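Taking it in order: structure first as structure tokens, then the write-up.
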Amino acid sequence: EGVSLTGGEQLHPSATIQETQQWLLKHRFSTYTRVFSNFSGTDLLKLTREDLVQICGPADGIRLYNALKSRSVRPRLTIYVCQEQSRTIRLERQQDSGNGENNGAIFVYHAIYLEEMAASEVTRKLALVFNIPLHQINQVYRQGPTGIHILVSDQMVQNFEDESCFLITIIKAENGEGFHIILK
């Protein structure tokens, strides 16, 4: 793996001829490795969409152009989550010592980027962030009015506001097997 293949996805202008060939193979353009056998990253990136369509035909030309120009996809929704600490720590954090200082306890939030905007994706990413085996998460709830627990569904996730912040409480399931996660 050359350093020129950033993230293994985009072709970097400094890619050597050999790295450019590897990039073409990795992105399913093996048919064109001979055509571009003397092209470096810079050479290939300089080609216009029209050049690539002329060399590779309409379908592969546009596909190659899109692969060369690909940008990371912006997530459709971002939420921030923080595991809720014990009540005493939260109260200490909120209380001021009188001189403008506090006890130094801070809340650290994790960003969760959602592409699918589905309840299953929220569960999967919460498992990763909080290091819980996915199969041990039984349910994910959102705390609603008067403290009721509402099951998180795809429709609910689609109605989250972008950049919403949630405190997360992880509780052991009633049967002792697995956990429930509550978004507050």
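Values as computed for the structure displayed
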{"item": "Long-range amide H partners of Leu77 with built H, under 5 Å", "result": "Leu114"}
{"item": "Contact order normalised by residue count of the range 17-69, Cα under 8 Å, 6+ apart, percent", "result": "30 percent"}
{"item": "Loop sites in the range 100-184: GluC sites (Glu not before Pro), DSSP, at most 16 other Cβ within 10 Å", "result": "Glu101, Glu115, Glu116, Glu161, Glu163, Glu174, Glu177"}
{"item": "Amide H within-cut-off set for Gln83, under 5 Å, with H built and near neighbours excluded", "result": "Ile168"}
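We did not get these values from a lab; they are worked out from the coordinates using the rules stated. In this text, all values refer to a predicted model and were calculated from it rather than measured experimentally. Please note: Cβ atoms are built from the backbone with ideal geometry, for glycine as well, and neighbour counts cover all protein chains shown.
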